[in-house]
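Data block below; observations after.
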Amino acid sequence: MFARISTIITILFFAMLAAATAVPRTDPPPATGSQCTAVGGDVNCCNSIQEASNPIVGLLAGLLGIVLGPIQGLVGLTCNPISIIGGGNSCSSQTVCCTGNNFSGGLLVIGCSPINIDL
């Protein structure tokens with residue numbers, strides 16, 4: 001049974017990546033990494049960021065047993081934490097500041113905002 005659930009999650013993950021759309025950056029300019037840590041956020045490298053209202057995000061959250069409720073904003077998908085100190089990490093996807101909860105090791109992270117940092 002676990003094999004079936006992991007297969008479904010894998011299929012949904014790749015479907016989600018295929019359906020992912022870029023979220024445009026808006027004015028004012030995104031925060032910096034130091035501003036992110038100042039507000040208690042974590043700098044992450046996410047494969048994609050989506051609106052919380054996106055049906056794929058809702059489906060993934062449901063499969064993980066997460067009730068998103070009436071939240072608004074951006075949700076990071078398949079995120080990894082990065083360090084802004086020392087510049088040893090790089091992000092070839094979307095660098096974000098996330099101040100919300102992190103579920104399933106970064107599979108879904110709530111409360112993300114795009115940021116600019118030079119890694």
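A compact table of results
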| read-out | value |
| --- | --- |
| One residue from 57, 75 being assigned to a strand (DSSP E or B) and in contact with an Asp or Glu (Cβ under 8 Å, 6 or more places away or on another chain) | 75 |
| Filtered residues of the range 60-82 (kept if of a type in the set (A, V, I, L, M, F, W, C), modelled with pLDDT of 90 or more and either open to solvent by 60 Å² or more (accessible area, probe 1.4 Å) or touching a helix residue (DSSP H, G or I) at 6+ places or on another chain (Cβ under 6 Å) (or both)) | 63, 75, 79 |
| Within the range 83-119, considering residues that are more than 16 Å from residue 48 (Cβ to Cβ) and in contact with a Leu (Cβ under 8 Å, 6 or more places away or on another chain), the one modelled with the lowest pLDDT | 87 |
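The values are calculated or read from the model by the stated rules, or taken from the named source; none is laboratory data. Worth saying up front: this structure is predicted, and the values here are computed from it rather than measured. As a convention, Cβ positions derive from the backbone with ideal geometry for all residues, glycine included, and neighbour counts pool all protein chains shown. Ligands, DNA and RNA are excluded from the accessible area calculation, which covers all protein heavy atoms including side chains. Shrake-Rupley method; radii C 1.70, N 1.55, O 1.52, S 1.80 Å.
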